[in-house]
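The values are calculated or read from the model by the stated rules, or taken from the named source; none is laboratory data. Since the structure is predicted, the reported quantities are computational estimates derived from the model, not experimental observations. Cβ: placed from backbone, ideal geometry, glycine included. Neighbour counts: every protein chain shown.
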Amino acid sequence: MSIKVDPRIIRTKAMFEEALLELMQEKDFKKISVREISERSKLNRATFYLHYYDKDELLEQLLDEALVSLKESVKVIRMEYDYDCDKAHPIFVRLFEKIQERSRFYEIMLVHEKVPYFTEAVMGIIQALVEDGSQYMVEDSIKFIVPKEISNAYIATAYLGVIIWWLKNGMPHSPTYMSKQLTRMSTVGPFEVNPYLK
């Protein structure tokens, strides 16, 4: 049985999180004080300490919640795994939509690398996604000529690079459009006609 959280607590925590993100756009985390977070949130320090031991706990909760949500969104479901290069794969759509939902948060963390270990954690989630996909390909009798470990590392790094490019450039395309491009590059590559085939 799930325990209901008081909406006032949810609202208060959201205000502290928002204040922290605003401040992280302006300065390094280590230079931010609890007093500044409280002032920016228009709440007092006593209220802050009712919910968090210190600013590190606030940041940790913020990052953990984002990672759990992102991981949940990119779960590979066997029934939706296919090789149609002309359709935006639903896993990629969920990935880009999740990042778009909290674009400012992801821009702060991934583009400006305010918390380097967060980038590593996101990379770990993407690597798990790629590894799961590769396993389905093996089960479908698709053979790898490049060692799977090298292939997976290459693909995961490329995915994260595309996400960072998208955020850095103000998300110029929709999640569906980006998902379709990633699907195509993951299946047949970026070319209309393979230039290496004579």
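For this structure, a couple of remarks:
- Qualifying residue in the stretch 32-51 (condition: under 21 Å from the mean Cα position of the chain (by Cα), surrounded by fewer than 16 Cβ atoms within 10 Å (Cβ to Cβ) and under 24 Å from PHE118 (Cα atoms)): no
- Within the stretch 164-194, being among the charged types (D, E, K, R) and either over 18 Å from the mean Cα position of the chain (by Cα) or within 17 Å of GLY133 (Cβ to Cβ) (or both) holds for LYS180, ARG184, GLU192.
- Qualifying position, being aromatic (Phe, Trp, Tyr) and more than 26 Å from PRO172 (Cα to Cα), among PHE105, PHE92, PHE144: PHE144
- The set of residues in the stretch 95-112 that are crowded, with 18+ Cβ neighbours inside 10 Å and of a type outside the set (A, V, I, L, M, F, W, C) comprises LYS98, TYR106, GLU107.
- Sole residue being assigned by TED's automatic domain parsing to the domain that holds GLY161, among the aliphatic types (A, V, I, L, M) and modelled with pLDDT under 90, chosen from ILE77, ILE108: ILE77
- Of all residues in the stretch 124-156, those satisfying the criterion of being surrounded by 14 or more Cβ atoms within 10 Å (Cβ to Cβ) and either more than 20 Å from PRO90 (Cα to Cα) or not assigned by TED's automatic domain parsing to the domain that holds VAL76 (or both) are LYS148, SER151, ALA153.
- Residues located in the stretch 89-128, provided they are under 23 Å from GLU149 (Cβ atoms), of a type in the set (A, V, I, L, M) and over 12 Å from the mean Cα position of the chain (by Cα): ILE91, ALA128
- Total residues in the stretch 91-116, condition over 21 Å from GLN181 (Cβ atoms), of a type outside the set (A, V, I, L, M, F, W, C) and assigned to a helix (DSSP H, G or I): 2
- Unmet criterion (only one of (1) within 20 Å of LEU70 (Cβ to Cβ); (2) in contact with a Ser or Thr (Cβ under 8 Å, 6 or more places away or on another chain); (3) among the aromatic types (Phe, Trp, Tyr)) for TYR117: (2)
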